[in-house]
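Coordinate-derived values only; no laboratory data. Computed from a prediction, not measured in an experiment: that's the story for all the values here. With ideal geometry, Cβ positions are generated from the backbone for all residues, glycine too; neighbour counts draw on all protein chains shown.
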Amino acid sequence: MAHGPSDDNTHSNVDTGHPTARTYFTVAMILSVITAIEVGVFYLEGLKHGIIPVLVILSGAKFALVAMFYMHLRYDAKLFSALFIGGLVLAFGVGIALLALFQFFV
């Protein structure tokens, strides 16, 4: 049986592309667990010099989850994601340039 061009749009339950309340709850629980891990890492005696990279990685994971789900970047057009990431990279570069300008790395 041949399908016409309009036969693809006959589904009764159309996916809107936005997360459900369950997804938001799951992300909130994941963020809570990551926060608890961050607090726990602070009290580990063996990570005196390695605590900063661990906390940066955990904070980066939390940032990515918040940006993807609560800022809806995961479901928006790729242009919005590109603009957001471009601004973030620019801000990071300016911060590194300021640190270098004021001889932070010396």
R0 = 41 Å: FRET efficiency of A100 with M68, Cβ-based, nearest 0.05?
-> 0.85
Given the stretch 19-72 reduced to its alpha-carbon atoms as identical point scatterers, what log10 I(q)/I(0) does the Debye formula return at q = 0.14, 0.18, 0.21, 0.29 Å⁻¹?
-> -0.42, -0.61, -0.75, -1.10
